[in-house]
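Participant: Pasting a structure below so you can have a look.
The values are calculated or read from the model by the stated rules, or taken from the named source; none is laboratory data. All figures in this text were calculated on a predicted structure; none of them were measured in a lab. In this analysis, Cβ positions are derived from the backbone assuming ideal geometry, glycine residues included, and neighbour counts consider all displayed protein chains. Calculation scope for accessible area: heavy atoms of the full protein, side chains included, ligands and nucleic acids excluded. Shrake-Rupley method; radii C 1.70, N 1.55, O 1.52, S 1.80 Å.
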Amino acid sequence: MSNGQNRPSSLLIAILLASVLSVSAAIAQQPFRLPGTVAGSAKETATPGRQSNSLRLPSPARSPASDETPADTMPIKLWPTVKPPVQRRVSPIRDNPFAASTPKPQPLPIMMPAAVAPRQPPAQTLQPSDSPENSKAGSESANRESTNRIVDQTASKPATNASSQQPTPDTQVDCDRPPVHYNDFSPTPVPAVSMVHDPMREAYVYDAKRSVPTQHPWIEWGRIFYGDGITPRGQDWFGQMNMVRSEFYVYGDYRIGLGSGRNAGGRADNLAARLNLDMDWQLTDTERLHAFMGPLDKNNQFNRIELIDGDLQYEPVFDPNLVTFFFEGDLGAMAAGLHDMRSPFELPITVGLIPLLFQNGVWMEDAVTGAAIALPAKHSRLLNWANYDWTFFAVVDQLNSPAFGADKHAAQAFGTAMFIDAYDGYIEAGYAYLRDRTQSERSYHNMTVSFTRRYFDRISNSVRLIVNTGQDLRADLRTADGGLLLVENSWVTDNPLRVVPYANFFFGWDRPQSVARAGAAGGILRNTGINFDTDGLNGLATLDPTASDTTGFSIGVDLIGQRLDRQWLLEFSYLTPHGNRNLDVPDDQYGVGTRYQFPISHRSLLRFDVVYGWRRQLEDVYGTRAEYRWKF
């Protein structure tokens, strides 16, 4: 084919040229818009001092009759400089370039809070040499100002003819964007210190660790008491599911105290010592044999040096007999070992010369010969009990109680005790029947119930009731009857670990008794206050702790050191009789006491006590003492 055939014809060139000229003329009649933008006003873009938001490009010469932009530039509308705060999405008000002589309605004022103003793209006037990246700083500032507007400022302007007043960008709303809170996408707050990497700070949590000093038992056979590492595999003497890991420890404490004063029995000036030894043979993780002995005390008398009428006398006391010796374990774990299966149930048991303590020692605190079994960690949906433990016990010998005199072989006891987590607190309840084998008329029933909870996040309250009944004797010969009501309170301060004010009240009638109470455990009011609490060594003076036909209270404050390493107690107590059965309280009694103790090391401490009691119609009681205690 020749070259002439490859060239376009003259007719085709003419048609293309005419099409281009017609398109250029149409563009000159109307401003060019980018997709999704709105038209701008020529007067608006030509106003001096007002920031323009149009990009001006060369355009064909305009017609003299046109009221559009100058011939050398043509506006490309990008977005409004400022945006009205809107409360709901409305139809946009757009320019109609083909109806310039028709008046346009003005928008009504829209009232709304600045906090819900929608976010629009930032406004910026772009020059031909500018780029969008260079305009970010200015656009952010303009956007923040626009989002804080409350009232549409153009609402106050009257409607005018379009030839004299064109709509400003303030009246234009972009309905393609949903309203966005200006703070919706605020940056996540990050502490400034986290933006800096400090390797020394990262290593401090490991480098600052140190071993905690601990006192190990006197005898430590088998595993170390405060050891580390994984528990070693045991022997399968009792089955694969109940491995034997034999351990034996001997631990306890040694106490020596110097006291001087007068108690209810007379002068008490002595230097006394006692040794408490616990021996524990761990067989498996749930079974053990345990024994306790006090070789330097017997019948509440301690190895001591006494000052009597100006003479020093040494009173040696030695008793190698065991105070407790018992076996305890879990029948479920033992059954699992014998049958090589997982534990089918939990049923803790103990048998022997066992220590029993219920309700912080108020209802029972003694070492007795007997057995006990417990149902642990149960719950009741019907009664709305989140958790409860139910213990059953039987005492066959060595029960100490003032109800049976000094004969610890006279009585037996059979009973139960419950601990229930329910009703925003916890309940303690118990019942025991005490049978006198030598004199059946002294047998009686002992019942108790208590409820403890916190009120108003400020008052911790415990109400406890003990009732004795059933002795078939004349009223003046009964040794266990009546009851005791205890109301114990402590105030939750702003510093609850270090400042604990308390107020405990009691009301006793007739002769209330605990189920069992060892001689060294003091009276039934032992936990009411330090003025009723025996020291268990030097015979420090107390007010009457029996609660027999008396009522009273103890008010004090418990102060704990800054590092929780020392304690200071201050207390005032009062009791008064309301009957004639308690010959030891013929009239009112008052008492003040204080106690201070602090550790010397991780294994020893010092304790100091001072007490003074005024007893009407009786001699006053008083005393001071200092004690050193060593734990091993």
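Participant: Apply the Karplus parameterisation 6.51 cos²θ - 1.76 cosθ + 1.60, with θ equal to phi minus 60°, to every residue of the stretch 238-245 and state each ³J(HN,Hα) to the nearest whole Hz, in sequence, with x for glycine and proline.
Facilitator: 9, x, 5, 9, 8, 6, 8, 10
Participant: Once neighbouring chains are kept in place and the probe is 1.4 Å, which whole percent of the accessible area of the stretch 185-300 is contributed by carbon and sulfur?
Facilitator: Whole-percent figure for carbon plus sulfur exposure: 60.
Participant: In Å², what does the accessible area per residue of the stretch 571-621 work out to with a 1.4 Å probe?
Facilitator: Spelled out: the 1.4 Å probe surface of the stretch 571-621, per residue, equals 53 Å².
Participant: What residues have an amide H closer than 5 Å to that of Thr324, excluding those fewer than 5 places away on the same chain, when H is modeled at 1.01 Å from N in the peptide plane?
Facilitator: Distant-sequence amide H within range of Thr324: Phe292.
Participant: I would also like to ask the following. Roughly speaking, to the nearest percent, how much of the stretch 418-470's 1.4 Å accessible area is carbon and sulfur?
Facilitator: 55 percent
Participant: Around Phe632, under 9 Å between beta carbons, what's the net of Lys plus Arg minus Asp minus Glu among the other residues?
Facilitator: +1
Participant: With the other protein chains left in place, how much accessible area per residue, in square angstrom, belongs to the stretch 192-342 at a 1.4 angstrom probe?
Facilitator: Roughly 65 Å² per residue, with all protein chains present.
Participant: Now a separate question. Starting from the Cα gyration tensor of the stretch 480-632, take the square roots of the eigenvalues, sort them a ≥ b ≥ c, and report rounded, prolate or oblate (rounded when a/c is under 1.5, otherwise prolate if a/b is larger than b/c, else oblate). Could you put the intermediate results ahead of the total?
Facilitator: On the way: a/c = 1.90, a/b = 1.61, b/c = 1.18.
In terms of gyration-tensor shape, prolate.
Participant: Please state the shape class of the stretch 497-553: rounded when a/c is under 1.5, otherwise prolate if a/b exceeds b/c and oblate if not, all from the C-alpha gyration tensor.
Facilitator: oblate
Participant: While we're on this one: How much accessible area does Leu497 have with a 1.4 Å probe, in Å² rounded to the nearest 10?
Facilitator: 120 Å²
Participant: Would you work out what percent of the accessible area of the stretch 508-632, with all protein chains in place, is carbon or sulfur (probe 1.4 Å)?
Facilitator: Carbon plus sulfur share of accessible area: 57 percent.
Participant: Gap in Å between the Cα centre of the stretch 519-572 and the Cα centre of the stretch 188-252?
Facilitator: 37 Å
Participant: Here's a follow-up. So what's the net charge close to Glu247: Lys and Arg +1, Asp and Glu -1, counting the other residues with Cβ under 14 Å from its Cβ?
Facilitator: Once all neighbours under 14 Å are counted, the net charge is -2.
Participant: Right, something else. Scan the stretch 331-406 for chymotrypsin sites (Phe, Trp or Tyr not before Pro) in coil per DSSP, keeping those whose Cβ has at most 12 other Cβ atoms within 10 Å, and list them by number. Show your work: numbers first, answer last.
Facilitator: Numbers: sites: Phe345, Phe358, Trp363, Trp385, Tyr388, Trp390, Phe392, Phe393, Phe404; in loops: Phe345, Trp363.
Here the sparse-neighbourhood loop sites are Phe345.
Participant: Starting with the highest mean, order 584-597, 451-464 by the number of other Cβ atoms within 10 Å, averaged over the residues of each peptide. Let's see the in-between values first.
Facilitator: Numbers: 584-597: 18.1, 451-464: 13.9.
So the peptides 584-597, 451-464, ranked by packing, come out 584-597, 451-464.
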